[in-house]
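Student: Here's a structure for you.
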Amino acid sequence: MNVTTLPATLMRGGTSKGLFFRADQLPDNPAQVQALLVRALGSPDPYGSQLDGLGTGISSTSKIVIIGPSQQPGCHVDYLFGHVAIADGLVDWSGNCGNLSAAVPVFALMQQLVSDAPANGPVAVHIWQANIGKKIIAELTMQDGAPVWWGDYPLDGIAFPAAPIRVRFLDPAGGASGKLFPTGRPRDTLTLPDGSTLDATLIDAGNPTVFVRAADLGLRGDETGHALSAEQQQKLEWARCAGAVMMKLGPDADTIHRERPATPKISFLSPARQPGCALTARIVSMGRLHHAYTGTGAIALAAAAIKNTLAAELCGAPVRGQPFTFAHASGRQTLEAIMQRQGRSWHVAEVVMTRHARPLMQGTLYIPRQP
């Protein structure tokens, strides 16, 4: 039979879904692994639907995760994330998925990769995020030797509640560039190919992210779904690529557009419209408005709010030492950037968010071999 079979688990984490694999159950050849996993999701697909795979044609579900015993001291598992392009066979390995980070501990515990987990009670799973070289600690509960993923904790953007998982992203700044503000400035000016300029805040926390004002793009800031025009989408992509070059993530905008479709993200911000929210935010993932907000984008936004950035401007003042709540396309999200003083400056010690996650299906993938 001209088919490769692989054991896999389909997991939801936060507002994302992805296929999870054990590293020791994959072939040794990285190029072969990439080809198999892309095909498993149904890419490349010029029709944009991924109908001949387990993707659904949107960036939030075109994701793969590889988990194995950690090679890092003090960590239980190593976690590698791949964001699969839909129309072509590219996998962007350049960043993390904050939402699927919440599913990693559930998978690791189900696969018995955490040797010191108790049969009952609280457990902290120490995770090495291999894409960006950062540590994550996920706190959840065990019952009768299994992770508790059922519960009544609500999450905007997900129809059903589940058990809360507290995810702590330790020292999240500088995974790609080495520092929170890659240019050394809380604000920069981007020059776009049409000669126009755009104010921006360039942040490297969670994933590199470009923040701009919605109003500067002629947007209200509360757009959802397919509300962006082709011209607005083009301008956002120009700004994303220009910001990436300023962050030294690639040599030029064309290379960024071609080779890094998943990172950096770009987010447009506007004043708060909902009571209890500091501002309103939307984020673009792989060219489309995200139906909620990416987890790593939320980390970057919380970090951006601490200083004299565009985010802090729209909040009215920097947000430090307290929970930060913002409105997104499916509701709101609250997280906290825990700060430490370093001389005269602030250091982001960790960003904490609460998500939930669960297994959706476990079984055997059937992947046709390419002729």
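Student: Can you pull out every residue in segment 270-282 that is more than 18 Å from the chain's Cα centre (by Cα) and at negative phi?
Tutor: Passing the criteria: Ser270, Pro271, Ala272, Arg273, Gln274, Pro275, Cys277, Ala278, Leu279, Thr280.
Student: State the number of residues belonging to segment 55-71 that are assigned to a loop (DSSP other than H, G, I, E, B) and without any contact (Cβ under 8 Å) to a residue 60 or more places away in the chain. Lay out the reasoning, then the answer.
Tutor: Within segment 55-71, the first condition is being assigned to a loop (DSSP other than H, G, I, E, B), and the residues that meet it are 55-58, 62, 70-71.
Subsequent filtering for residues that are without any contact (Cβ under 8 Å) to a residue 60 or more places away in the chain retains 55-57, 70-71.
Of the residues in that region, 5 qualify.
Student: If you don't mind, another one. Among (1) touching a helix residue (DSSP H, G or I) at 6+ places or on another chain (Cβ under 7 Å); (2) buried (at least 18 other Cβ atoms within 10 Å of the Cβ), which single condition is His291 missing?
Tutor: With (1) touching a helix residue (DSSP H, G or I) at 6+ places or on another chain (Cβ under 7 Å); (2) buried (at least 18 other Cβ atoms within 10 Å of the Cβ) applied to His291, the lone miss is (2).
Student: Report the residue count in segment 182-199 for those that are open to solvent by less than 60 Å² (accessible area, probe 1.4 Å) and in contact with a strand residue (DSSP E or B) (Cβ under 7 Å, 6 or more places away or on another chain).
Tutor: Number of matching residues: 7.
Student: Another question, then. Which residues, counting only those in segment 194-248, are among the aromatic types (Phe, Trp, Tyr) and outside any helix (DSSP H, G or I)?
Tutor: Listed by number, the list holds a single entry, Phe211.
Student: Hey, can you tell me all the residues within segment 326-357 that are open to solvent by 10 Å² or more (accessible area, probe 1.4 Å) and outside any strand (DSSP E or B)?
Tutor: Ala329, Ser330, Gly343, Arg344
Student: Please determine whether any residue of segment 305-324 is closer than 30 Å to Thr9 by Cβ and either of a type in the set (A, V, I, L, M) or part of a loop (DSSP other than H, G, I, E, B) (or both).
Tutor: No: segment 305-324 contains no residue that is closer than 30 Å to Thr9 by Cβ and either of a type in the set (A, V, I, L, M) or part of a loop (DSSP other than H, G, I, E, B) (or both).
Student: Among the residues of segment 109-120, is any buried (at least 23 other Cβ atoms within 10 Å of the Cβ) and at pLDDT 95 or above?
Tutor: Yes.
Student: Answer yes or no as to whether Arg220 is farther than 25 Å from Thr183 by Cβ and at pLDDT 95 or above.
Tutor: So Arg220 passes the test.
Student: If you don't mind, another one. Do you know which of the residues in segment 1-32 that are closer than 14 Å to Arg369 by Cα and touching a residue at least 12 places away in the same chain (Cβ under 8 Å) is surrounded by the most Cβ atoms within 10 Å (Cβ to Cβ)?
Tutor: Filtering first and then ranking leaves Leu6.
Student: Here's something else I'd like to know. Give all pairs with beta carbons closer than 7 Å in which a residue from segment 236-262 that is within 14 Å of Leu198 (Cα to Cα) and modelled with pLDDT of 95 or more meets a residue that is assigned to a helix (DSSP H, G or I) and open to solvent by 60 Å² or more (accessible area, probe 1.4 Å); count only pairs at least 6 apart in sequence or on separate chains.
Tutor: Matching pairs, first to second residue: Glu237/His257; Cys241/His257.
Student: Would you check if Ala311 is crowded, with 24+ Cβ neighbours inside 10 Å, within 15 Å of the chain's Cα centre (by Cα) and closer than 21 Å to Ala215 by Cα?
Tutor: no
The values are calculated or read from the model by the stated rules, or taken from the named source; none is laboratory data. Computed from a predicted structure; not experimentally measured. Because the Cβ atoms are built from the backbone with ideal geometry, glycine has one as well, and the counts that use them run over all protein chains shown. For the accessible areas, the whole protein counts, side chains as well, though only heavy atoms, and no ligand, DNA or RNA atoms are used. Shrake-Rupley method; radii C 1.70, N 1.55, O 1.52, S 1.80 Å.
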